């Protein structure tokens, strides 16, 4: 199946978000992102995502929540952007709980993609001129009014967008 670059990027973000959150539930905290030139300290999932997707290849370094903050034992996950569902490239470290947490995401990524891609089905609404909206079906749009920031089509000429409620 061929997917657009935008959907691939969104899907990769969903996979990395799931990775960071699953590791956190297992007691592993995203501590740093190695972007190939520097170590970027991260304090939230969003900071980790921003650091990972600022470069093509990176490593998220996780530390266990119970580790000594001054000398934590770090485990890495290699992420290679552009690989789509294979963005998680390597992680085995010999720690059973860490390997299991990463494995729950990496080995079940097809389920995550299936759910993610369902959210990117095309919007069912058309403009008055019949142009299809290019945004995902799940975005918010008020019925009966065209809002340029909510619908995106190829023809900017129309002034009004109409939709039947429930369509």
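The values are calculated or read from the model by the stated rules, or taken from the named source; none is laboratory data. Please read all numbers here as calculations on a predicted model, not as lab measurements. Reconstructed Cβ throughout: ideal geometry from the backbone, glycine too, with neighbour counts over all protein chains shown.
A few notes on this one:
- Which listed residue, of 55, 105, 77, is at pLDDT 85 or above, surrounded by 13 or more Cβ atoms within 10 Å (Cβ to Cβ) and part of a loop (DSSP other than H, G, I, E, B): 55
- Residues located in the stretch 30-48, provided they are assigned to a helix (DSSP H, G or I) and touching a helix residue (DSSP H, G or I) at 6+ places or on another chain (Cβ under 6 Å): 45, 48
- Meets criteria (over 26 Å from residue 70 (Cα atoms) and under 9 Å from the mean Cα position of the chain (by Cα)) for residue 7: no
- Whenever a residue of the stretch 80-101 is not assigned by TED's automatic domain parsing to the domain that holds residue 10, it has no partner that is surrounded by fewer than 15 Cβ atoms within 10 Å (Cβ to Cβ) lying with C-beta atoms less than 9 angstrom away and at least six residues away or across chains.
- The lone criterion from (1) within 18 Å of residue 100 (Cα to Cα); (2) in contact (Cβ under 8 Å) with a residue 40 or more places away in the chain; (3) part of a loop (DSSP other than H, G, I, E, B) left unmet by residue 66 is number (2).
- As for the stretch 15-29, it holds at least one residue that is within 24 Å of residue 108 (Cβ to Cβ) and in a strand (DSSP E or B).
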